[in-house]
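Each reported figure results from applying straightforward, stated rules to the coordinates on display, with no laboratory input. No experiment lies behind these values; they were computed from the predicted model shown. No Cβ is skipped: glycine too gets one built from the backbone with ideal geometry, and neighbour counts run over all protein chains shown.
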């Protein structure tokens, strides 16, 4: 997804891209730091993240950017899902939150 001229990608993709680049050349300090963060924070494979994002986008209030945030964070509670949606102009129902948690739980 492109937002503000920048493409939003999941941490798993960042990890994948930087690992491929690292095989070709030495990474800069910033790139190395980004790779270290992606490795530490990304627990799912890129394939699983892509499937998770696709499933989440099927839900009514979940666009690609939010689906990617959910895939990166893998919320395990109602409060964590609520924090992801805190900036949105709507409130999720308990059923919508439960659906998100069920999808994340099945993929994680």
Q. Looking at this structure, is residue 54 out of contact with any strand residue (DSSP E or B) (no Cβ under 6 Å at 6 or more places or on another chain), in contact (Cβ under 8 Å) with a residue 40 or more places away in the chain and either closer than 23 Å to residue 88 by Cβ or assigned to a helix (DSSP H, G or I) (or both)?
A. no
**Q.** Tally, over segment 20-46, of residues that are in a helix (DSSP H, G or I) and more than 18 Å from the chain's Cα centre (by Cα)
**A.** 10
**Q.** Filter result (touching a helix residue (DSSP H, G or I) at 6+ places or on another chain (Cβ under 8 Å) and assigned to a helix (DSSP H, G or I)) within segment 1-19
**A.** 11, 12, 13, 14, 15, 16, 18, 19
Q | Exclusive hit being surrounded by 13 or more Cβ atoms within 10 Å (Cβ to Cβ), assigned to a loop (DSSP other than H, G, I, E, B) and under 15 Å from the mean Cα position of the chain (by Cα), set 49, 81, 104, 62 | A | 62
Q: Filter segment 59-107 for residues that are within 19 Å of residue 43 (Cα to Cα) and out of contact with any helix residue (DSSP H, G or I) (no Cβ under 8 Å at 6 or more places or on another chain) and give the result.
A: 65, 102, 105, 106
Q.
Can you say whether residue 92 is in contact (Cβ under 8 Å) with a residue 40 or more places away in the chain and surrounded by 13 or more Cβ atoms within 10 Å (Cβ to Cβ), as far as the supplied structure shows?
A. no
**Q.** segment 65-78, residues that are within 10 Å of the chain's Cα centre (by Cα) and exposed (fewer than 15 other Cβ atoms within 10 Å of the Cβ)
**A.** 65
